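Read the figures in this text as sums done on the coordinates, not as results from a lab. Since this is a predicted model, take the numbers as computed values, not measurements. Please note: Cβ atoms are built from the backbone with ideal geometry, for glycine as well, and neighbour counts cover all protein chains shown.
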Amino acid sequence: MENPLTPEVLADPVALTRALVDIESVSLNEKAIADCVEEVLRAVPHLSTYRHGNTVMARTDLGRGSRVVLAGHLDTVPLNNNFPSTMRGDLMYGCGTSDMKSGVAFALHLAVTLAEPRHDVTYFFYEAEEIESRYNGLTLVSAAHPEWLQADFALLLEPTHGVVEAGCQGTMRATVVTTGVRAHSARSWHGVNAVHAAGDVLRRLAEYQARRVTIDGCEYREGMNAVRIHGGVAGNVVPDRCEIEVNYRFAPDRTPAEAEAHLREVLAGYELAVTDCAPGALPGLDAAPAREFLATVGAAPIGKLGWTDVARFAALGIPALNFGPGDPNLAHHPDEHVEIGKIREGAAILHRWLANV
């Protein structure tokens, strides 16, 4: 297809957002958008551009004393009658407008238009953030080209509605099992109902008092919830097994081992197996580029309650923050949209931060 990312479009973050949204890029179908982004970046003389799969990386090499990363994922969740984009007043609607092609537009606009940033910059446009971690472009690059990720600070352009969100909480999923004895439901007194036994697990979760913790001035609020339950084999059989899937969101001052120990403490007495875990990330406010960025924004950061790829950078020892124009409450929503004003404001903030003035 003809590349819609023309020089005129690249010069305007709003037009660029819409052009990116109108390139369909559901997870594992990012080739077309990656091709367009790569073509644009390879034509920019102040950048060195590389590609791994459908992840495109471009970087300046100006000999600055520090390097920062601007990163955004190219993929979206599946379309939901919200493609292509539409405009309604000051709002742009469409799949990916909020999560997170408006943020990607920030990075691509700056990559093309800012030839002399105050820090050397690495721009990441990566694939498959919305699905399993094994497909994630940052995961693949960290294994194949770890040197690409070297930096002093990273800014992930995920939706934050124009607020700086520091770090992120960790997330853990576990399966809790209750057991019983099968019997015919007409003679249920011969059995023990495992689904009924799950009531105690659910009661503990319902009564759980989630911890709130403040780290570097940012409040994180934990949560422990049953998110799925399954039990029973037939409509006339007392079930002998019930599985409750529990999701625990834990503050970044807990390690995964500490989070698991706490989960087992809350649900003591039951069989429990951790099925998935991603550690959180501390706020990352101490790095000099982070302090400069916060001063440019002019507002205090808040804690990121969800999990984002800032945790991948934190695991590499790179402080990272979240900042983007999209509204996180609209991510994955059929009515997903972004405010035009937030795009313009955010792009101006990033330019002021990185411009060599």
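Based on the Kirkwood radius over alpha-carbon pairs, what is the Stokes-Einstein translational diffusion coefficient of the range 222-334 at 37 °C with 0.692 mPa s viscosity, in µm²/s? The Stokes-Einstein estimate is 189 µm²/s. Rounded to the nearest 20, the Cβ-based charge dipole of the chain about its Cα centre (Lys and Arg +1, Asp and Glu -1) stands at 740 debye.
Each peptide among 272-278, 248-254 gets the average number of other Cβ atoms lying within 10 Å of its residues, and from highest to lowest they stand as 248-254, 272-278. A protection proxy built from the mean count of other Cβ atoms within 10 Å ranks the segments 320-328, 135-143, 164-172, most packed first, as 320-328, 164-172, 135-143.
Taken as Cα centroids, the range 282-349 and the range 234-266 sit 30 Å apart, rounded to the nearest whole angstrom.
Take the Cα of Asn236, step 7 Å toward its Cβ, do the same at Leu91, and the gap between the two points is 5.3 nm.
Dimensions of the range 170-278 based on its C-alpha atoms, expressed as ranges along the principal axes with the largest first, amount to 60, 23, 21 Å. Go from 0 up to the bin containing the longest alpha carbon distance in the range 100-170, width 5 Å each, and give me the % of pairs per bin. Taking every Cα pair in the range 100-170, the percentages come to 3, 12, 20, 25, 26, 11, 3, 0.
By the beta-carbon count within 10 Å of each Cβ, the least crowded to most crowded order of Ile229, Ile244, fewest first, is Ile229, Ile244. Over the chain, the fraction of Cα-Cα pairs per 20 Å bin, rounded to whole percents and listed from the shortest bin up, is 28, 50, 19, 3, 0.
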